[in-house]
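Engineer: I'd like to ask some things about the structure below.
What follows draws every value from the coordinates through simple rules; no lab data is involved. In this text the structure is predicted, and so the values were computed from the model without any measurement. Quick reminder, even Gly has a Cβ in these numbers, built from the backbone with ideal geometry, and neighbours come from all protein chains shown.
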Amino acid sequence: MKRIRFSAVVDFCACFSSLSWAEEITGKGTTNFVPKFTSRTTIGNSAISQFPSSSPAGWLNLVGIGTGDPKATLDVNVGPNTNSLSLGDPTVQSLLVRDTAAGVIDIQTFNSDLAIQCCDGNNVLMFAASEGHLGIGTGDATNIITVKRNSATEPIADAWTTYSSARWKVNIQPLSNAMEKITRLRGVAFDWKANGKHDIGVVAEEVARVVPEIVGFEPNGNAKSVDYGRLAPLLIEAIKEQQAEIGELKAELKELARKASD
């Protein structure tokens, strides 16, 4: 029994004596910089710094990557046009923010839409990943720009112009039978189903049977929208046709008056 205990002590001592002590670690760092191993046994500064003081904007506990003078809670500043921040796995879904060139901040998503949301979770802006569509107040951006239907407020702007130069058009022809088409259309008053708001306008399905060029259609062929502004050319030609008829009637009345006076 004693010999077994003695053998165990001997074996332990032999194993302990075969171990080598770790080499001495040297080097020094700079205050507020996170240290890193610059070699196997040397410590130096990393590119990450942390400062408890506040920035001019009032941010606290500043962390800098690539800078010793951070201006925000997290300040990435490796150098001009060389900074980037990635969130997520690009093979699954991710966000990339980078300064690619002077005067350009590039924001990209991979395998995902980009949504900017308010505190209540509603989409304020939705950048659809496919075809570069933009949704405002909606994530269903089926058009290049889609604004939420039946929103609490209406879009407003100083002006909205449409490409119309002859440089981009061919086969330009005057509209014919404009008055006949106008008489087939009807203006209506109605209430929206979504919110009960009273409104006036036209019915897209009815307009599609007369002037399909100004109607927007869903992929299944259902009419969904009307470009009211493009009714103006039809009204212009209809008024001209009407004025021509009025002119003819005036001429006839003038001739009848002349004959009656003879």
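Engineer: Is it possible to state the helix-based mean residue ellipticity at 222 nm for the chain, with each DSSP H run of 4+ residues giving -39500 (n - 2.57), the sum divided by total residues, to the nearest 500 deg cm²/dmol? What is it?
Structural biologist: -7500 deg cm²/dmol
Engineer: Now a separate question. Using θ = phi - 60° and the Karplus curve 6.51 cos²θ - 1.76 cosθ + 1.60, what whole-Hz ³J(HN,Hα) does each residue of region 186-193 get, with Gly and Pro shown as x?
Structural biologist: 9, x, 9, 9, 7, 10, 6, 5
Engineer: Next question, about the same structure. Tally the DSSP beta bridges in region 27-110 and give the antiparallel ones as a percent, rounded to 5.
Structural biologist: If we restrict to bridges inside region 27-110, about 85 percent are antiparallel.
Engineer: Under a Cβ-Cβ cut-off of 10 Å, what is the net charge of the residues other than THR82 that fall near it, where Lys and Arg count +1 and Asp and Glu count -1?
Structural biologist: Neighbourhood net charge equals 0.
Engineer: What do you get for the angle between helix 2-18 and the principal long axis of the chain? Use alpha-carbon atoms, 0 to 90 degrees, nearest ten.
Structural biologist: That works out to roughly 60 degrees.
Engineer: Answer rounded, prolate or oblate for region 27-110, using the Cα gyration tensor with square roots of eigenvalues a ≥ b ≥ c: rounded when a/c is under 1.5, else prolate when a/b is larger than b/c, else oblate.
Structural biologist: Since a/c reaches 1.5 but b/c is at least a/b, the shape of region 27-110 is classed as oblate.
Engineer: Further question: Sum up the charges of everything whose Cβ sits under 12 Å from the Cβ of MET126, counting Lys and Arg as +1 and Asp and Glu as -1, but leave MET126 out.
Structural biologist: Summing Lys/Arg as +1 and Asp/Glu as -1 gives -1.
Engineer: To continue, here is another question. Of (i) 40, 21, 15; (ii) 79, 23, 18; (iii) 32, 19, 16, which is the value of semi-axes √(5λ) of the Cα gyration tensor in Å derived from the coordinates here?
Structural biologist: Here the calculated entry is (ii).
Engineer: If amide hydrogens are placed 1.01 Å from N in the peptide plane, which non-local residues have theirs closer than 5 Å to the one on LEU134?
Structural biologist: Counting only residues 5 or more places away or on other chains, the set is ALA128, ILE145, THR146.
Engineer: With respect to the cross-link table entries LYS197/LYS240; LYS71/LYS148; LYS148/LYS240; LYS169/LYS240; LYS197/LYS224; LYS28/LYS71, which display a Cα-Cα separation exceeding 30 Å?
Structural biologist: Beyond 30 Å between Cα atoms: LYS197/LYS240; LYS71/LYS148; LYS148/LYS240.
Engineer: Per residue of region 90-102, in order, report the coupling 6.51 cos²θ - 1.76 cosθ + 1.60 (Karplus, θ = phi - 60°) as ³J(HN,Hα) in whole Hz, putting x for Gly and Pro.
Structural biologist: Per-residue couplings from phi come out as x, 7, 10, 6, 7, 10, 10, 10, 7, 9, 7, 7, 4 Hz.
Engineer: What longest region of the chain stays clear of GluC sites (Glu not before Pro) that DSSP places outside H, G, I, E and B and that have at most 14 other Cβ atoms within 10 Å?
Structural biologist: My reading of the result: 132-262 is the longest stretch.
Engineer: Still on this structure, please answer the following. With everything on Cα atoms, drop me the angle between helix 231-261 and the longest principal axis of the chain, reported from 0 to 90° to the nearest 10.
Structural biologist: 10
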